[in-house]
Structures are given as structure tokens and as C-alpha cells.
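The values are calculated or read from the model by the stated rules, or taken from the named source; none is laboratory data. Predicted model, so just to flag it, every value in this text is computed and none were measured. Note that we place each Cβ from the backbone using ideal geometry, even for glycine, and neighbour counts take in every protein chain shown. The area values use the complete protein model at the heavy-atom level, side chains included, leaving out ligands, DNA and RNA. Shrake-Rupley method; radii C 1.70, N 1.55, O 1.52, S 1.80 Å.
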Amino acid sequence: LRDWGWDGSLWKATIRETPYSFAGWNNLGRAYVKRKKYPLARDCFIVARSLQPYRTEPLVNLGNLMVHQNKLKAGEHYYQWALKLHPYNLQALLNLGNCLMSQKKYHQASEYYLKALKVNPRLFQASYNLAVCFYQMGDLAQAYLYAQRSLSLAPQHEPSKILLYQILKKQAQPSRQ
């Protein structure tokens with residue numbers, strides 16, 4: 001069975017037939033990313049954005065592409081841009097938090113994860129990532145709270161279990177004074 005969503009030839013045909021197809025350009029860009037043709041993907045996302053400048057998908061896709069290429073500042077820029085257009089874009093909030101966390105900007109990352117949880121309180125990834133941020137910042141009480149929350153939302157999530165174990169182990173250690 002063929003996955004047509006990632007088939008570049010389908011989207012190329014769509015663009016030939018309808019050169020102003022936002023979906024055609026955006027999905028062709030995604031197909032190019034899958035094939036590691038990054039400059040072509042970037043160009044497709046830029047065309048999609050020019051066709052519908054108030055849509056956030058191409059900006060999030062550009063951010064994802066930049067992060068995938070380890071261009072974290074550029075990724076951060078595109079996610080911020082998407083959030084200026086749509087402040088409650090869940091994917092942009094979560095991805096911006098991830099991008100900031102990759103740069104060890106835990107305080108800033110936690111702000112975006114908290115915003116993501118306001119949009120969708122059941123998003124276990126945001127709860128888990130918040131737990132990681134608080135753990136890295138040394139706030140074990142908050143880390144514990146969000147690790148527990150993550151596990152209540154996704155009981156089989158192994159990284160949450162491991163983090164919770166690490167938090168409990170660290171809390172049990174006698175403090176050095």
C-alpha cells in the first residue's frame with residue numbers, strides 16, 4: 001500500500017495542474033524533507049507561505065526544517081513568526097519549547113510549554129517537557145508535579161517513569177550544607 005501523502009510526484013502533478021495550490025506546495029515541501037532534499041523543501045514552504053501568508057503551517061514546517069538541520073536560532077525565528085500570526089498554535093508552542101530546551105534555555109522553554117498546556121491541558125508531551133525543564137533548573141517539586149501529570153496522561157510513557165525515578169532519587173539524597 002502506497003502512502004500518497006509523501007509521494008512527491010503526486011504533489012508535483014498537483015502543482016503543474018494548479019500552480020497556486022497552497023496544499024500542493026506545502027505537501028511537496030514535506031515530501032522533500034522526507035527525502036532529505038532540504039533546499040527544495042525550503043523553497044516549497046516559502047512558495048506556500050507566499051500563496052497564503054496568514055497560514056502558519058509553512059512557518060512551522062520551515063521551523064521544523066531548520067531545527068532538523070540544527071539551525072536552532074532560525075527554527076526559533078520561524079516558530080515565533082507562526083505564533084505572531086496565531087498565538088495559540090499548539091504545534092508552534094510545543095516546537096518552540098523544544099527548540100529552546102535544546103539550547104538549554106529552560107526558563108524560556110517552560111513558558112511555552114505552560115502556554116501549550118493552556119491550549120490543551122491533556123498534552124502529556126508538554127507536561128513531560130516541563131518536568132525536564134524544572135528538573136534541569138533544580139526545582140524538584142515542580143519537576144515531580146509535572147512528571148506525575150505526564151504519567152497520569154500517558155501511563156506507559158517510559159521517559160516520564162525514568163524522570164520520576166531520578167527526581168525521587170535526588171529528593172532522597174541528603175542536602176549538603
In deg cm²/dmol, rounded to the nearest 500, the helical mean residue ellipticity at 222 nm of the chain, built from -39500 (n - 2.57) for every DSSP H run of length 4 or more, is -24000 deg cm²/dmol
Other residues with Cβ under 15 Å from the Cβ of Cys99 give, with Lys and Arg +1 and Asp and Glu -1, a net charge of +3
Sorted on mean Cβ neighbours within 10 Å (highest first), peptides 57-63, 42-48 come out as 57-63, 42-48
If R0 = 25 Å, then Glu158 and Asp43, at their Cβ-Cβ distance, give a FRET efficiency to the nearest 0.05 of 0.05
Net charge near Ala143 (other residues with Cβ under 15 Å of its Cβ; Lys, Arg +1; Asp, Glu -1) is +3
With every protein chain kept in place and a 1.4 Å probe, the range 38-94 has an accessible area per residue in Å² of 53
Per residue, the convex hull enclosing the alpha carbons of the range 1-95 has a volume in Å³ of 96
Per the rule of 0.36 nm per residue minus the C-alpha distance, extending Lys169 to Glu17 adds in nm 48.6 nm
In the list (1) 18.8, 55; (2) 19.3, 72; (3) 21.9, 69, the entry giving Rg and Dmax of the Cα atoms in Å computed from the coordinates is (2)
Quick calc: nm separation of the 7 Å Cα→Cβ label points for Ala141 and Gln52 -> 4.6
The local net charge around Gln69, scoring Lys/Arg +1 and Asp/Glu -1 for residues other than Gln69 whose Cβ lies under 11 Å from its Cβ, equals +3
To the nearest 20 debye, the range 1-90 has a Cα-centred charge dipole, built from +1 on Lys and Arg Cβ and -1 on Asp and Glu Cβ, of 240
In whole percent, the fraction of accessible protein surface over the range 1-106 that belongs to carbon or sulfur atoms, probe radius 1.4 Å, stands at 56
